[in-house]
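Nothing in this text is a laboratory measurement; each read-out follows from the coordinates by a stated rule. Bear in mind that the values here come from a model prediction, so they are computed numbers and not experimental data. Backbone-built Cβ (ideal geometry, glycine too); neighbour counts: all protein chains shown.
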Amino acid sequence: MSVRLAEIRTTPLSVDEVLGAVSDPSYGGVAVFLGTVRNDDHGRAVVSLDYSAHPSATDVLRRVVEGVAAQSPGAALAAVHRVGELAIGDVAVVVGAAAAHRGEALSAARLLIDTIKAEVPLWKRQTFVDGEQEWVGACE
Amino acid sequence: MSVRLAEIRTTPLSVDEVLGAVSDPSYGGVAVFLGTVRNDDHGRAVVSLDYSAHPSATDVLRRVVEGVAAQSPGAALAAVHRVGELAIGDVAVVVGAAAAHRGEALSAARLLIDTIKAEVPLWKRQTFVDGEQEWVGACE
Amino acid sequence: MARGLIRYWAAARDAAGVVEEPYDAATLADALDFARATHDTAFTTVLARCSFLVDDAPVGGRDHSTVELSDGNTIEVLPPFAGG
Amino acid sequence: MARGLIRYWAAARDAAGVVEEPYDAATLADALDFARATHDTAFTTVLARCSFLVDDAPVGGRDHSTVELSDGNTIEVLPPFAGG
């Protein structure tokens, strides 16, 4: 099982940290995905996102990364998610997957971010430019 | 057509440069793929790779990135490849794709690296730990 | 009848206007019926999309009327996740 | 008959032992036949996996015997690409 990093933090995230966590001379490919705060949601201008986490979020995140690692035995995986108030362009999540070949690295990174979004108890509340606020995914 | 970067260089590559080239407040996802020099090829220990390029390589690379951009109209793309003598762990290629959503970003990054490997006239000669050398893909 | 706390998160917390409140119910279904009766329709709209934990254990797809509560069980109300 | 240069890259260059050499042939097929006759079997093995340009234009899948050469055309011999 090669889960190198699975954390939730309030401080800014670093791609280099994730790259460093999964790098290894035996790997030929590293796929990284960054989720960043967009300035727009369905046509409405967004100014910031406030991320919050359920107390179990870190444990769930670790289990998710372990689950993906089990499905990609040749890959080394890392995932770090940020909570708190984030501005436009800030990085909310970084996942990384390294493997001998690019196919496995890219597939593992995709599975990892998809599963994190589906299973880790995190939420985000958007503040629009007119000051209104809305929880993403809570109502529609 | 948002091709932000398409270059071939002899100097070390920077992920931050690719990230910076494709970042934009309207994007919610950035996918990056790094190809690194592995210490092994089919069980034989490798010590270095010497990359060389055909004179048309940069033009072909640019056309490849433009072709992928045309298929991913919502994505901003970047690709930079290194040539010359590279040691184990060195980064030989970085591709980046940013888009509003992760699906398009990840698919574009994958298509980009796959197409680069198939179409850009680049070659690499491996040096094994016993000193023997072999052009990758030339014979088998 | 079991007594315990029902705790709300994110959008559910905002809709309920409280972080948590007591319940007095035999099953999860009863506890949620009581909560719906106590709060407004906006709360009911959010609740319809939530998932639930009972003492940290996910309820998942089980029928809420079959989820029996014991004294001191904490129910948690989790709106749809929106990480990344 | 056309005269020009045939230029080798990467593994083909190593196998040929020269960067380029002159040819005197009417078609690409003839020029390659001549090259095969001049070099060893290792060269022929590599050549079998190469793609070709004539004055920078990819030959692609065209039948080499139908690729007619004119004086001064440069043939380039490209082994399979191995970027990334």
B:T10 label points, 7 Å along Cα→Cβ, one per copy: pairwise distances from this copy to the rest in nm, shortest first? 5.1
From the P(r) of the range A:2-136, can you give the percent of Cα pairs sitting at distances over 24 Å? 30
Relative contact order %, chain B, counting alpha carbon pairs below 8 Å whose residues are six or more apart: 36
Alpha carbon centre of the range C:10-84 versus the range B:41-63: separation in Å? 57
Out of all DSSP beta bridges with both ends in chain D, state the antiparallel percent to the nearest 5. 75
Charges on Cβ only, +1 for Lys and Arg, -1 for Asp and Glu, centred on the Cα centroid of the range B:1-111; of B:A21, B:L111, B:T10, which one is farthest towards the dipole's positive end? B:L111
Peptide B:33-43 - average C-beta neighbours from other chains (10 Å radius): 6
In the range A:2-136, if the dipole is taken from +1 on Lys/Arg beta carbons and -1 on Asp/Glu beta carbons about the Cα centre, which of A:V68, A:H101, A:A79 is farthest to the positive end? A:H101
Cα pair distances of chain C binned at 10 Å [whole percent]: 19, 57, 22, 2, 0
Amide H contacts under 5 Å for A:D90, placed H, 5+ residues apart: A:V37
Could you tell me what percent of the DSSP beta bridges with both partners in the range A:2-136 are antiparallel, to the nearest 5? 85
Per DSSP H run of at least 4 residues, take -39500 (n - 2.57); add these up for chain D, divide by its residues and hand me the 222 nm value, nearest 500 deg cm²/dmol. -8000 deg cm²/dmol
In debye, nearest 20: dipole of the protein assembly as shown around its Cα centre with unit charges on the Cβ of K, R (+) and D, E (-)? 40
Just add up the charged neighbours of B:E132: K/R +1, D/E -1, any other residue whose Cβ is under 12 Å from the Cβ of B:E132. -1
Can you give me the long-range amide H partners of A:G28? Hydrogens built in the peptide plane at 1.01 Å from N, cutoff under 5 Å, separation of 5 or more residues or another chain. A:A99, A:A100, A:H101
Projected label distance in nm at D:A2 and B:D41, using a 7 Å step from Cα toward the beta-carbon: 3.4
Which residues' amide hydrogens lie under 5 Å from the amide hydrogen of B:A6, considering only partners 5 or more residues apart or on another chain, with H built in the peptide plane? B:A79
So what's the net charge close to A:F33: Lys and Arg +1, Asp and Glu -1, counting the other residues with Cβ under 13 Å from its Cβ? +2
For the A:D24, B:T58 Cβ pair and Förster radius 22 Å, calculated FRET efficiency rounded to 0.05 is 0.10
Pulled fully out, how much extra length does the chain show between D:R36 and D:T74, if you take 0.36 nm times their separation in residues and subtract their Cα-Cα distance? 12.0 nm
Per the axis that maps chain D onto chain C, nearest residue of D (Cβ criterion) and its distance in Å: D:G84, 14
Distances in nm, one decimal, shortest first, from D:D33 to the same residue in every other copy, taking the label point 7 angstrom along Cα→Cβ. 9.3
Tell me the relative contact order for the range D:2-78 as a rounded percent, counting alpha carbon contacts under 8 Å between residues six or more apart. 45
Let me spell out the model: positive unit charges on the Cβ of Lys and Arg, negative unit charges on the Cβ of Asp and Glu, origin at the Cα centre of the range C:2-78. What dipole size does that give, in debye rounded to 20? 220
Defining the label point at 7 Å along Cα→Cβ, can you sort the distances from D:R3 to the same site in each other copy, shortest first, in nm? 10.9
Sites D:D63 and A:E7 - FRET efficiency at Förster radius 45 Å, r taken between beta-carbons, to 0.05: 0.15
Quick one: helix D:28-38 against the long Cα principal axis of chain D, what's the angle to the nearest 10°, folded into 0 to 90? 60
Cα-centred dipole magnitude for the range B:2-136, charges only on beta-carbon of K, R (+1) and D, E (-1), debye, nearest 20: 280
Extension gain, C:V18 back to C:D56 (0.36 nm per residue minus Cα-Cα distance, nm): 11.7 nm
